[in-house]
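The values are calculated or read from the model by the stated rules, or taken from the named source; none is laboratory data. Note that the structure is predicted; figures quoted are calculated from it, not measured. Please note: Cβ atoms are built from the backbone with ideal geometry, for glycine as well, and neighbour counts cover all protein chains shown.
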Amino acid sequence: MTSEVYARKWRPSVFADLVGQEHITSVLQNALTTNRLGHAYIFCGPRGTGKTTTARILAKAANCLALSDGDPCNSCTICISANSNTLLDIIELDAASNRGIDEIREIRDKVNFAAIEGKYKIYIIDEAHMLTDQASNAFLKTLEEPPPHVIFILCTTEAHRILPTILSRCQRHDFRRLQNQDMINQLASIASKENFSIDSEALKTISRQSFGSLRDAENLLEQIVISYGNDITNDHVTDMLGLITTETPLNILSALLAKQTTQCLSLINEASWEGFEPKRIHKATLDLLRAAMLIEWGVVGNLDLPETTINQITASINKIPSHNIGQTLKIWSNIVISSDSASTLA
């Protein structure tokens, strides 16, 4: 029997456990407590930010028999069935594989039937942007005037691909990429529950490399634990991801700002020989150049970098004219690495 992956095992079951989307959960909880639920919602945003999870919690809460402050109780028969994915009144469709007009016609034919166990029959349509134009048009009338016992929740990462006429019929909620600190806290909580240790720098690296997607961060964390055991360090994370160490891009940065072309090329070539992908070398250096610009402007508070790295960048920029940073950043930003398998310089 396979074990349950972290992203599913530790998926939130109440609004209070959702991370980084308080601007949405507070609205939904208020709608539930005041009995003012909409007939159609659309949840938009990047992957791994909680759209489908929020849809499931909303569907469960709408039918919960003992709602508490807008959160489902997770102990009534409705919640227990919903948590085990056996509640007949919550219907999930993946529009990526059920995208045609026939599937929408089937929904249209069934919406008039009353809910079986709960108060509402709720349709969650994931990847809603994958619906065909014909299916979307067939969906319009039902979406505009559904029966009072039906709620539609559409989830999408690409809202611009959905018909404006569908968007106008839904209450729209835009999910944000998670802040690094929110992801760090969540990953640390998982580590505690799963009884393994992980150092703070490793958590920071995982969160930075997940680019605001908690699901990606959780999957990466699990992959690292499987590979390296129950005592995780930042070296394990950088090794797993093939990340270039901070020292190399810092040296490249210093050479770039000082206009030491030969030294810069030598450092890049050396990193390539060590097996680091050219795109990773370029991006790591670009990130430090942007940090250097912010440090030059005195905007240090929002930098997600160790203090030692900030001090090293500061030492580098103090040696050169300030206009060098802007010029170098502009040139470096315009460089396009066409292939990860590019050869070394010699």
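Residue pairs, Cβ under 6 Å, 6 or more apart or interchain, first in region 64-85 and in contact (Cβ under 8 Å) with a residue 60 or more places away in the chain and closer than 17 Å to residue 16 by Cβ, second surrounded by 18 or more Cβ atoms within 10 Å (Cβ to Cβ) and of a type in the set (Ser, Thr, Tyr). List them.
Here the result reads 74/13, each pair linking region 64-85 to a residue that is surrounded by 18 or more Cβ atoms within 10 Å (Cβ to Cβ) and of a type in the set (Ser, Thr, Tyr).
Any idea which of 281, 268 is under 30 Å from the mean Cα position of the chain (by Cα) and not polar (S, T, N, Q)?
Criteria check complete, one pass: 281.
Give the residue that is modelled with the highest pLDDT, with candidates limited to residues of region 237-249 that are in a helix (DSSP H, G or I) and surrounded by 17 or more Cβ atoms within 10 Å (Cβ to Cβ).
237
Those residues that are without any contact (Cβ under 8 Å) to a residue 24 or more places away in the chain and touching a helix residue (DSSP H, G or I) at 6+ places or on another chain (Cβ under 8 Å), I need them from region 272-317; list them, please.
291, 295, 300, 302, 303, 305, 310, 314
Considering region 168-206 alone, what residues qualify as being over 21 Å from residue 153 (Cβ atoms) and of a type in the set (S, T, N, Q)?
Across region 168-206, the qualifying residues are 179, 180, 181, 185, 186, 189, 192, 195, 197, 200, 205.
Using the structure shown, decide if residue 108 is in contact with a Ser or Thr (Cβ under 6 Å, 6 or more places away or on another chain), surrounded by 14 or more Cβ atoms within 10 Å (Cβ to Cβ), basic (Lys, Arg) and not in a loop (DSSP other than H, G, I, E, B).
yes
Inside region 158-181, can you point out the residues that are farther than 30 Å from residue 137 by Cβ and at pLDDT below 95?
179, 180, 181
Could you check region 1-92 for helices (runs of 4 or more DSSP H) lying wholly inside it with 2 or more residues that are farther than 22 Å from residue 115 by Cα?
6-9, 22-33
A quick yes/no check of all residues on (1) farther than 23 Å from residue 147 by Cα; (2) of a type in the set (A, V, I, L, M, F, W, C):
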site: 31; (1), (2): no, yes
site: 43; (1), (2): no, yes
site: 55; (1), (2): no, yes
site: 75; (1), (2): yes, no
site: 81; (1), (2): yes, no
site: 92; (1), (2): no, no
site: 97; (1), (2): yes, no
site: 110; (1), (2): no, no
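Take residue 252 and tell me if it is in contact (Cβ under 8 Å) with a residue 12 or more places away in the chain, under 23 Å from residue 282 (Cα atoms) and assigned by TED's automatic domain parsing to the domain that holds residue 307.
Yes.
Got a number for residues in region 323-333 being closer than 15 Å to residue 291 by Cβ and either out of contact with any helix residue (DSSP H, G or I) (no Cβ under 7 Å at 6 or more places or on another chain) or surrounded by fewer than 16 Cβ atoms within 10 Å (Cβ to Cβ) (or both)?
2
Being of a type in the set (Ser, Thr, Tyr) and over 22 Å from residue 85 (Cβ atoms) is the filter here, so list the residues in region 1-31 that pass it.
Across region 1-31, the qualifying residue is only 26.
Within the group 90, 104, which residue is aliphatic (A, V, I, L, M) and touching a Phe, Trp or Tyr at 6+ places or on another chain (Cβ under 7 Å)?
104
Scan region 72-82 and give yes if some residue there is surrounded by 14 or more Cβ atoms within 10 Å (Cβ to Cβ) and on the phi > 0 side of the Ramachandran plot, otherwise no.
Among the residues of region 72-82, at least one is surrounded by 14 or more Cβ atoms within 10 Å (Cβ to Cβ) and on the phi > 0 side of the Ramachandran plot, which makes the answer yes.
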